[in-house]
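Data block below; observations after.
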Amino acid sequence: MGKPVGVNPKPTVISVRVTDEQLEAVRRLMEKKKMSASEIMREAFYVFANDLEQKRLDVIRSAALKYTGVRDGA
């Protein structure tokens, strides 16, 4: 019988190629924020995904306002 699967199995690993300048920027952030590179990448993904969702909602809101004839801020 194999090893039992835990409640929290290891997450999937994603690797990415970066330039020397990008790597240095990550290293500076690691030092400044006292975070690992993985933590910084997870945070960056979260911020990016939230920004995309906000933009999507803004487009929907704008279309709804245009459709109903309501002006933004009115």
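The values are calculated or read from the model by the stated rules, or taken from the named source; none is laboratory data. This is a predicted model, so every value here is computed, not measured. With ideal geometry, Cβ positions are generated from the backbone for all residues, glycine too; neighbour counts draw on all protein chains shown. These accessible areas exclude ligands, DNA and RNA; they are computed on the full protein's heavy atoms, side chains included. Shrake-Rupley method; radii C 1.70, N 1.55, O 1.52, S 1.80 Å.
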Task: the chain, dipole about Cα centre (Lys/Arg Cβ +1, Asp/Glu Cβ -1), debye to the nearest 20 - done: 220
Task: Gained length - LEU65 relative to SER38, 0.36 nm times residue gap less alpha-carbon distance - done: 5.7 nm
- [ ] Run the accessible area of the chain with a 1.4 Å probe and give the carbon-and-sulfur part as a rounded percent.
- [x] 59
Open item on the list: Along the Cα→Cβ direction, 7 angstrom out, place labels at VAL16 and LEU29. What is the inter-label distance in nm?
Closed with: 0.7
TODO: Enumerate the amide H contacts of MET35 below 5 Å, restricted to partners 5 or more residues apart or on another chain; note that Pro and chain-start residues carry no placed amide H.
DONE: none
Task: Label assignment, Kirkwood radius over Cα pairs in Å derived from the structure, set (1) 12.4; (2) 16.5; (3) 13.4 - done: (2)
Task: Mean accessible surface per residue for the chain, computed with a 1.4 Å probe while every protein chain stays in place, in Å² - done: 102
Task: Mean Cβ neighbour count within 10 Å, used as a protection proxy, ranking 14-24, 29-39, 51-61 highest first - done: 29-39, 51-61, 14-24
TODO: Could you work out how far helix 37-68 tilts from the main Cα principal axis of the chain, as a 0 to 90 degree angle to the nearest 10?
DONE: 10
